[in-house]
Number of protein chains: 2
Amino acid sequence: MNPQTKALFTARAGIIKAMAHPTRLFMVDELGRGEQTVGRLQEMVQADMSTVSKHLTVLKTAGIIQDEKRGNQVFYSLRCPCVLDFFSCVESVLQTNATITLDLMENRS
Amino acid sequence: MNPQTKALFTARAGIIKAMAHPTRLFMVDELGRGEQTVGRLQEMVQADMSTVSKHLTVLKTAGIIQDEKRGNQVFYSLRCPCVLDFFSCVESVLQTNATITLDLMENRS
DNA sequence: CACCTATTTGGCTATTTTGCCAAATACGCA
DNA sequence: TGCGTATTTGGCAAAATAGCCAAATAGGTG
């Protein structure tokens, strides 16, 4: 990998890494249904408010979500909704994994 | 997040996390062009053979790639080629990020 | 079997990531 | 200005990840 290729894949991996956490993935999924405040998201994921805020910062820094302050609160929304497309592939990988697991349990190929 | 939802998103994040590394992402991209041996991949990424092997194990454990031993060597290939679809969205996020950056530099909205 | 090539595994340190608490900041309102 | 609510930031300890070396394993061949 030459330096440019490496830089390219590091940048790409950065986007993916931002989604690579259960809480952040959940929030992306949730934001796919529309904007939410930090407080609402915190209720849903049941973690410390500061933890939620930091996760949101990670997603925002990656360019996946954006924020808008309105009055007292901050509304987050997806900036690139195409990230929702990840889910269908992820599901199919999980599906395949599950199928193989069953095959093994039942002594099939 | 109830326990089941949490388990679901942890599983989903696991797949994504496996791709969230420059070297692994590069290898997935490369495998999108066809199977490769560990040695060939190592030449391309220029890392220690054991490092490459471990990265491949991560991808394999996640169910993204599969291996097949033929004679002396091990051939890896994509198990779920849909992961290649990630790239187009990732590119569009990077593109959007770059655009915004330019806007900022030029004092536009 | 002895040797060579290809790959994986064990082990260890350095680095990064998480998540909590406490403190700071921002905003609206009396 | 002082107070209450919403959110971010600083700091830190625990956990997870990355990458290297050395050693082990597996296959092929003379």
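The values are calculated or read from the model by the stated rules, or taken from the named source; none is laboratory data. This is a predicted model, so every value here is computed, not measured. Neighbour counts run over all protein chains shown; Cβ positions are idealised from the backbone, glycine included.
Answer yes if at least one residue in segment A:37-54 is in contact with a helix residue (DSSP H, G or I) (Cβ under 7 Å, 6 or more places away or on another chain) and within 24 Å of B:Asp85 (Cβ to Cβ), and no otherwise. The answer is no, given that none of the residues of segment A:37-54 is in contact with a helix residue (DSSP H, G or I) (Cβ under 7 Å, 6 or more places away or on another chain) and within 24 Å of B:Asp85 (Cβ to Cβ). Looking at A:Val52, A:Val38, A:Val45, just one residue is among the β-branched types (Val, Ile, Thr) and more than 10 Å from DNA strand C (Cβ to nearest atom), and that residue is A:Val38. Hey, any hits in segment B:33-54 for a residue that's in contact with a His (Cβ under 9 Å, 6 or more places away or on another chain), in a helix (DSSP H, G or I) and more than 22 Å from A:Gln95 (Cα to Cα)? Yes, some residue in segment B:33-54 is in contact with a His (Cβ under 9 Å, 6 or more places away or on another chain), in a helix (DSSP H, G or I) and more than 22 Å from A:Gln95 (Cα to Cα). Residue pairs whose Cβ atoms lie under 9 Å apart, separated by 6 or more positions or on different chains, with the first residue in segment B:48-68 and within 12 Å of another protein chain (Cβ to nearest Cβ) and of a type in the set (D, E, K, R) and the second outside any helix (DSSP H, G or I) and within 9 Å of DNA strand C (Cβ to nearest atom), are B:Lys60/B:Asp67; B:Lys60/B:Tyr76.
Within segment A:35-47, track down each residue that is β-branched (Val, Ile, Thr) and away from every other protein chain (no Cβ under 12 Å). Within segment A:35-47, A:Thr37, A:Val38 meet the criteria. For segment A:81-104, the criterion of being away from chain B (no Cβ under 11 Å), in contact (Cβ under 8 Å) with a residue 12 or more places away in the chain and touching a helix residue (DSSP H, G or I) at 6+ places or on another chain (Cβ under 7 Å) is met by no residue.
Can you tell me which residue is nearest to A:Thr5 (Cα to Cα) among those in segment B:20-44 that are near DNA strand D (Cβ under 9 Å from one of its atoms) and without any contact (Cβ under 8 Å) to a residue 24 or more places away in the chain? Checking each candidate, the answer is B:Pro22. If you go through segment B:1-23 and keep only what is more than 8 Å from chain A (Cβ to nearest Cβ) and either under 15 Å from A:Val28 (Cα atoms) or touching a helix residue (DSSP H, G or I) at 6+ places or on another chain (Cβ under 8 Å) (or both), you end up with B:Leu8, B:Gly14, B:Ala18. A single member of A:Phe87, A:Phe26 is surrounded by fewer than 19 Cβ atoms within 10 Å (Cβ to Cβ), within 13 Å of the chain's Cα centre (by Cα), under 21 Å from B:Ala20 (Cβ atoms) and aromatic (Phe, Trp, Tyr), and it is A:Phe87.
Kindly evaluate B:Glu68 against the criterion of being among the acidic types (Asp, Glu), modelled with pLDDT of 95 or more and assigned to a helix (DSSP H, G or I). Answer is no for this residue.
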